[in-house]
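FYI, it's all coordinate maths here, none of it is from the lab. Given the structure is predicted, the values throughout are model-derived calculations rather than measurements. Note that we place each Cβ from the backbone using ideal geometry, even for glycine, and neighbour counts take in every protein chain shown.
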Amino acid sequence: MSSLIPGLEQLRTIVDQRLGGPDLDMWEEITWEHAHGIVSRPLAEVIRDLSVDLLTLQQTLPSLPSQEAVGWARVNARLTFLLAYTLGSAGDRRGSRHWWGSARRAATQAGDPEFIAAAYAFEAIQALYEHRPLNVVLSRTKTALDLTADRPGRAAVTALGSRAHALALMGDHAGAYANLAEQVKVFAMLPDSVTGNTMSAEGWSESRLLHARSLVLTLIGAPSAPAAQREALDSYPAGRNRQAAQIRLHQAASAVREGDVTDGLNCAITIVKSIEPSRMTQFVLHVAHGVADAAPAGHKAQRAITEYREYLALTAAGKDT
């Protein structure tokens, strides 16, 4: 609960202004904590707290000292980016789409090409999970890569993974493999401060790299998919249940594709049920739907597939299943 008393946040803002605040270092720490909260907390709580902090910042920005303008613009861009990302993760497609536009504009005001590119790249990921047109995804990834100008960073490595995913869906397997290979090269050039950040939405660890590979190879139906799935699953630290669940769903999809439809669907249901409703994400539900999509055409287990899709629909609606 952000406040027990209505208007308390506005009161604190007035007090801060009279005390000569707010403090930039404190707000950078707040932003850092939100980036970690996306990974570990229920998304509804993160959205609520992020929204309150972002609103407070907007009310405060006009009175901030000009000598710290760049730092405050970056905090504003980071908070806006995180809200767009969290809304998309929670399944608010319309809200996320509009907030990504705000995130790009906020990043432009901060004057950071890498951050602008990251907004395009991460929107591309969510666009894939939101069933937006693939040409939108490819447009976002192209813009992100053009902005990075061959500089290694999380924007470039994210965009390459998104493009590999999109190309796999389009049946361009050679293009998907090429982008995965390029992603590995870019990842190898990332600084330790990025690859070592395993518990934040602002990090890009090896687990993300292996996750992207597992997903793309699963979509392609590559013989190497099971090995990639095991490697990705083993890379996640304790506590990353949502991310690990997606890899286990990749495994279920591979089983279904090979004809083991009923057992694969039952396994997927168990995986989805293992995630608390408050911690469910659009990413998990999307991959769960992909398990049914992997079934061979005309398979005799059509009734089981229909019931599975109905279960996922109830889960997405937040009903007791």
For segment 19-77, rounded, prolate or oblate, judged on the Cα gyration tensor with a ≥ b ≥ c (square roots of eigenvalues), a/c < 1.5 rounded, else prolate if a/b > b/c? prolate
With θ taken as phi - 60° and the coefficients 6.51, -1.76 and 1.60, list the Karplus ³J(HN,Hα) couplings across segment 34-41 in order, rounded to whole Hz; mark glycine and proline as x. 4, 4, 6, x, 4, 7, 10, 10
Percent breakdown of C-alpha pair distances by 5 Å bin, ordered from the shortest bin, for segment 223-321: 2, 14, 25, 24, 18, 11, 4, 1
What are the ³J(HN,Hα) values, in whole Hz, obtained from phi via the Karplus relation 6.51 cos²θ - 1.76 cosθ + 1.60 with θ = phi - 60°, for each residue of segment 82-90 in sequence order, with x given for Gly and Pro? 5, 5, 4, 5, 5, 4, x, 4, 7
Over the chain, how many percent of alpha carbon pairs lie in each 20 Å bin up to the one with the longest distance? 31, 55, 14, 1
Local electrostatic count at ASP92 - Lys and Arg +1, Asp and Glu -1, tallied over other residues with Cβ under 15 Å: +2
Per residue of segment 214-224, what does 6.51 cos²θ - 1.76 cosθ + 1.60 with θ = phi - 60° give for ³J(HN,Hα)? Whole Hz please, x for Gly and Pro, Karplus curve as stated. 4, 5, 5, 5, 5, 4, 6, x, 5, x, 7
Length-normalised contact order of the chain, Cα under 8 Å, at least 6 apart, in percent, tallies to 12 percent
In what order do HIS211, HIS98, HIS289 fall by count of nearby beta-carbon atoms within 10 Å, going from fewest to most? HIS98, HIS289, HIS211
Rh_Kirkwood(segment 69-195) over Cα pairs, Å, one decimal, evaluates to 14.6 Å
Calculate the dipole size of segment 223-321 relative to its Cα centre from +1 charges on Lys and Arg beta carbons and -1 charges on Asp and Glu beta carbons; express the result in debye to the nearest 20. 160 debye
Exposure proxy order (Cβ contacts within 10 Å, fewest to most) of ILE14, ILE116: ILE14, ILE116
Let me check I've understood the local charge: for GLY259, count other residues with C-beta under 15 angstrom from its C-beta, Lys and Arg +1, Asp and Glu -1. What total comes out? -2
Mind checking which of ALA297, ALA77, ALA127 has the largest fluctuation in a GNM of the chain, springs on alpha carbons under 10 Å? ALA297
Can you list residues from other chains, or at least 5 along the same chain, whose modelled amide H is less than 5 Å from the amide H of ASP172? none
Please arrange SER193, SER63 by how many other C-beta atoms lie within 10 Å of their C-beta, fewest to most. SER193, SER63
